[in-house]
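*Asks:* The structure follows.
The values are calculated or read from the model by the stated rules, or taken from the named source; none is laboratory data. From a predicted model like this one, the values you see are computed outputs, not experimental measurements. With ideal geometry, Cβ positions are generated from the backbone for all residues, glycine too; neighbour counts draw on all protein chains shown. Heavy atoms of the whole protein, side chains included, go into the accessibility calculation; ligands, DNA and RNA do not. Shrake-Rupley method; radii C 1.70, N 1.55, O 1.52, S 1.80 Å.
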Amino acid sequence: MLSRRHLLAAMVLVAASPAAAQERLKVLATFSILGDLVKNVGGDRVEVSTLVGPDSDAHVYAPSPADARKVADAKVVIANGLGFEGWMNRLVRASGSKAQVVVASNGITVRKAGASGEADPHAWQSAANAKVYVANIRDALIAADPAGRASYQANTAAYLAKLDALDAEIKSAVTAIPADRRRIISSHDAFGYFQEAYGIEFIAPQGVSTETEASARDVARIITQIRRLKIPAVFLENVSDPRLMQRIAQETGARIGGKLYSDALTSEKGDAPSYLDLMRHNVKQLVTALAG
Ligand SMILES: [Zn+2]
């Protein structure tokens, strides 16, 4: 039998522990990078789950029945938008969810890509855009859980300061690269916002979605460009098949500069388990390959 003293101790423990899981706001983010931003804004008050996990490609994702259950369980669903999650509307309908779907990229200046003028969904590749995402996430969490307002506002302020520091850090790191060497090849056109914000030019055989393979003509065009512009390095991505880039490197003599993280975080054990880590990793790779 529990003594009165033990019982009191147990009650104190319960009171001091963070909100129990069932009381936390259930938020679902469509992919790993967004999930990390939601965790930073939500803190202890939210329980975050994600659909497309680390090192996985959201462009070609095929949702499972378990994903439909996750959507049905969520109080708030947060998506990137701009055509990134082409499978999302059907999934939400199939789940029967009444959750509000919040588009985190609302309010950014949309980049149009390629000849088709398609919207480029990779807006998180600039820290200034990530700040817009974070403000939208804060507003969505406050709307769903007004009692948490002060907490969400404080978490957001702290994280926005980190994003400002990140932005300044990237701009300063890029100045170490001679202006005529600020040009690389990546697998798919995922770094257009990074290019606009930080002044490194990215050329890619594949478009803004990985759904369409690069054609023989796209590859031939890239090979000509690498030779003509003397582009020093090509990069692999954690969400793309490395073979095409390895072939291009072989044919042109360009170096493989390393691996960039475009559309997904890595697992906890990898180089980029958070958005801040991801951006820092990419910049370090670029500077190492281009500055020397
Ligand atoms: Zn992508």
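*Asks:* Which loop GluC sites (Glu not before Pro) in region 209-292, with loop taken from DSSP, have no more than 13 other Cβ atoms within 10 angstrom of their Cβ?
*Replies:* Qualifying residues, ordered by number: 211, 213, 268.
*Asks:* Another one. Taking every Cα atom in the chain, find the radius of gyration and the maximum pairwise distance Dmax, and write them in Å.
*Replies:* When restricted to Cα atoms, the chain yields Rg and Dmax of 21.5, 82 Å.
*Asks:* Could you work out how far apart the two model spin labels at residue 284 and residue 172 are, taking each label as a point 7 Å from the Cα in the direction of the beta carbon, and quote it in nm?
*Replies:* Spacing of the two 7 Å Cα→Cβ label points: 1.7 nm.
*Asks:* Let me ask something additional. Set the Förster radius R0 to 41 Å, insert the Cβ-Cβ distance between residue 211 and residue 100 as r into 1/(1 + (r/R0)^6), and round the FRET efficiency to 0.05.
*Replies:* So the FRET efficiency works out to roughly 0.90.
*Asks:* Among 68, 190, 115, which one shows the biggest mean-square fluctuation in a GNM of the chain, springs joining Cα atoms closer than 10 Å?
*Replies:* Sorting by GNM fluctuation, first place goes to 115.
*Asks:* More than 16 angstrom separation, counting every C-alpha pair in region 72-130; what % is that?
*Replies:* On the way: 855 of 1711 pairs.
That fraction is 50 percent.
*Asks:* Using heavy-atom solvent-accessible surface (probe 1.4 Å) with all chains present, what is the largest-first order of 196, 169? Mind showing how you got there, number by number?
*Replies:* Values: 196 125, 169 85 Å².
Ranked from most to least accessible, the order is 196, 169.
*Asks:* Only Cα pairs within less than 10 Å get springs; with that Gaussian network setup on the chain, which residue of 53, 86, 257 has the largest fluctuation?
*Replies:* Fluctuation is largest for 86.
*Asks:* Something else: Report, by chain and number, residues whose modeled amide H sits under 5 Å from the one on residue 78, excluding near sequence neighbours (fewer than 5 apart, same chain).
*Replies:* 28, 29, 30, 102
*Asks:* Here is a further query. With each pseudo-label sitting 7 Å past Cα toward Cβ, what's the residue 277-residue 241 distance in nm, one decimal?
*Replies:* About 2.9 nm separates the two model spin labels.
*Asks:* Which length gain, in nm to one decimal place, applies between residue 164 and residue 110 when the Cα-Cα distance is subtracted from 0.36 nm times their residue separation?
*Replies:* 17.4 nm
*Asks:* Shifting gears a bit: How large is the Kirkwood hydrodynamic radius of region 108-229, counting all unique pairs of alpha carbons, in Å?
*Replies:* Evaluated on region 108-229, it is 16.7 Å.
*Asks:* Run the 1.4 Å probe and let me know the accessible area of residue 70, rounded to the nearest 10 Å².
*Replies:* 80
*Asks:* OK, next. Across 5 Å bins from 0, what is the distribution of all Cα-Cα pair distances for region 28-152, in whole percents?
*Replies:* 2, 11, 21, 24, 20, 13, 6, 2, 0, 0
*Asks:* Compute the helix-to-body angle for 127-144: its Cα long axis versus the longest principal axis of the chain, expressed 0 to 90° and rounded to tens.
*Replies:* Result, in degrees: 20.
*Asks:* Just to be sure I understand: with springs between alpha-carbon atoms less than 10 Å apart, which residue in 96, 192, 81 has the highest mean-square fluctuation in the Gaussian network model of the chain?
*Replies:* Result for the chain, Cα springs under 10 Å: 96 fluctuates most.
*Asks:* Which value, in debye to the nearest 20, describes the size of the charge dipole of region 107-199 about its Cα centre when Lys and Arg Cβ atoms bear +1, Asp and Glu Cβ atoms bear -1, and nothing else is charged?
*Replies:* My answer is approximately 140 debye.
*Asks:* With a 1.4 Å probe and all protein chains kept in place, how much accessible area does residue 224 have, in Å² rounded to the nearest 10?
*Replies:* 80
*Asks:* While we're on this one: Give me the percent of the accessible area of the chain that comes from carbon and sulfur atoms, probe 1.4 Å, all protein chains in place.
*Replies:* Carbon and sulfur together cover 52 percent of it.
*Asks:* Please name whichever of 77, 117, 161 sits farthest to the positive end of the charge dipole of the chain, dipole taken about the Cα centre and charges placed at Cβ: Lys and Arg +1, Asp and Glu -1.
*Replies:* Looking along the dipole axis, the top candidate is 161.
*Asks:* Put 138, 228 in order of accessible area, largest first, 1.4 Å probe: what do you get? Don't skip to the end; give the middle numbers.
*Replies:* Details: 138 60, 228 160 Å².
So the residues, ranked largest to smallest area, are 228, 138.
*Asks:* Leaving out ligands and nucleic acids, note down the accessible area per residue over the chain with a 1.4 angstrom probe, in whole Å².
*Replies:* So the chain comes to 49 Å² accessible per residue, rounded to a whole number.
*Asks:* Could I ask something else about it? Express as a percent, rounded to the nearest 5, the fraction of DSSP beta bridges in the chain (both residues included) that run antiparallel.
*Replies:* About 10 percent, rounded to the nearest 5.
*Asks:* With +1 on each Lys and Arg Cβ and -1 on each Asp and Glu Cβ, and nothing else charged, work out how big the dipole of the chain is about its Cα centre, in Debye to the nearest 20.
*Replies:* 280
*Asks:* How do 180, 271 stack up against each other in accessible area, from largest to smallest, with a 1.4 angstrom probe?
*Replies:* Descending order: 180, 271.
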